[in-house]
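Remarks on the structure that follows.
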Amino acid sequence: MRTTARWAATLGLTAAAVCGPLTGAAVAAPSSLYAPSALVLTTGHGTDAATATPERAVTLNCAPAASGTHPAAAQACAELRGAGGDLDALAPRNDVWCTKLYDPVVVTVAGVWQGKRVSYEHTFGNQCMRDAYGVSVFSF
């Protein structure tokens, strides 16, 4: 009888260890049908993110609706969707003229865009060049 009780306990613990994570995963269904698109954008003066102190940071959530602390979240999300989420595809505007004064500004973007991880860093010659890049993504 003791051996039977031991086997029953071992079998019960094994079943709990194997099936427990499966039932937890089955219960944890996604709360939305949209792939997550949540980014943190930072900017600071310097030549690279390793040495520049972030001076400003904003959040940008684009799914299911535009939100976050970005001052033009809806416009920035639309711009990113138009570029397919490719930050390198954003081009400088033709209607903005910037000086050639070199005062480097670095921008970083980290997070998730449509379910894929994003890690981006770009150094602009000065703040005017950063603000002219694209329409609104880097204007914060």
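Descriptive notes on the structure:
- Taken over region 43-88, the criterion of being of a type in the set (A, V, I, L, M, F, W, C), in contact with a helix residue (DSSP H, G or I) (Cβ under 9 Å, 6 or more places away or on another chain) and under 20 Å from Phe124 (Cα atoms) is satisfied by Val58, Leu80, Ala83, Leu87.
- So Ala72, is it open to solvent by 80 Å² or more (accessible area, probe 1.4 Å) and among the aliphatic types (A, V, I, L, M): no
- For Thr51, the requirement of being farther than 16 Å from Tyr133 by Cα and of a type in the set (Ser, Thr, Tyr) is met.
- Neighbours by Cβ (under 9 Å, 6+ apart or cross-chain): first from region 63-77, touching a residue at least 60 places away in the same chain (Cβ under 8 Å); second of a type outside the set (S, T, N, Q) and open to solvent by 60 Å² or more (accessible area, probe 1.4 Å): Ala72/Val135; Gln75/Val135; Ala76/Val135
- Among the criteria (1) touching a strand residue (DSSP E or B) at 6+ places or on another chain (Cβ under 6 Å); (2) surrounded by fewer than 15 Cβ atoms within 10 Å (Cβ to Cβ); (3) acidic (Asp, Glu), the one Asp86 does not fulfil is (1).
- When residues in region 90-102 are screened for being open to solvent by less than 70 Å² (accessible area, probe 1.4 Å) and under 24 Å from Ala52 (Cα atoms), 3 of them pass.
- With respect to (1) among the polar types (S, T, N, Q); (2) open to solvent by 90 Å² or more (accessible area, probe 1.4 Å); (3) more than 13 Å from the chain's Cα centre (by Cα), the lone exception for Ser119 is condition (3).
The values are calculated or read from the model by the stated rules, or taken from the named source; none is laboratory data. Keep in mind it's a predicted model, so treat the numbers as computed, not measured. Backbone-built Cβ (ideal geometry, glycine too); neighbour counts: all protein chains shown. Protein only, heavy atoms only, side chains kept; ligands, DNA and RNA dropped before computing areas. Shrake-Rupley method; radii C 1.70, N 1.55, O 1.52, S 1.80 Å.
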